[in-house]
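Written below as structure tokens is the structure these notes are about.
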Amino acid sequence: MFKRISGQPNIERHPNATSNAYSNGALVYPDGSGAVIPADSTSGNHIGVAVENITSADDRYTTAGKISVDVLDDNDIFEADVTGTLTAAMVDTYLDLSDSLTVNAAATSKKVVLCVGYISATKGLFKINAKATNVDVATT
């Protein structure tokens, strides 16, 4: 999960896509149809981090509604779990995602997050550089 460590929260309500589960702390991006969906290993320009859950038991799972999203800013820093092995030498390198909740230390093709701090082999501090305000990384 992406947990804000620095910067001011900027909560906005965005349409959610139906038939999608959202986790609190999941990175989200535009689906191209006016809603946000959970990020994955191929997502590009992210909007922010979901600050609530939507499960299959939620009315918004079957009927479009809105989800609260902490919109990203250039200087925001988030703590996140990591798959692969994060090392202190990876600070100041760009990495990919494994999914909406996890950074992939073993992948660098999309370069959607910048490691700005090492906590452990499975946790680090990151800036999300691939965000909608930059339009730098295409979703593939």
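The values are calculated or read from the model by the stated rules, or taken from the named source; none is laboratory data. Being a predicted model, the structure only gives us computed values, none of them experimental. As a convention, Cβ positions derive from the backbone with ideal geometry for all residues, glycine included, and neighbour counts pool all protein chains shown.
Brief remarks on what is shown
- Qualifying residue in segment 32-47 (condition: at pLDDT below 95, at positive phi and under 14 Å from the mean Cα position of the chain (by Cα)): no
- Segment 113-131, subset within 15 Å of L86 (Cβ to Cβ) and assigned to a loop (DSSP other than H, G, I, E, B), residue farthest from the chain's Cα centre (by Cα): A121
- Residue check, D59 surrounded by fewer than 17 Cβ atoms within 10 Å (Cβ to Cβ) and modelled with pLDDT under 95: yes
- Filtered residues of segment 38-49 (kept if surrounded by 24 or more Cβ atoms within 10 Å (Cβ to Cβ) and out of contact with any Ser or Thr (no Cβ under 7 Å at 6 or more places or on another chain)): H46, G48, V49
- Enumerated strands (runs of 3 or more DSSP E) restricted to segment 1-107, each holding at least 2 residues that are over 22 Å from S120 (Cα atoms) and outside the structural domain of S120 (by TED's automatic domain parsing): 11-15, 27-30, 36-38, 48-50, 66-71
- Criterion (in contact with a Phe, Trp or Tyr (Cβ under 9 Å, 6 or more places away or on another chain) and closer than 29 Å to T18 by Cβ) met by exactly one of S56, S68, S100: S100
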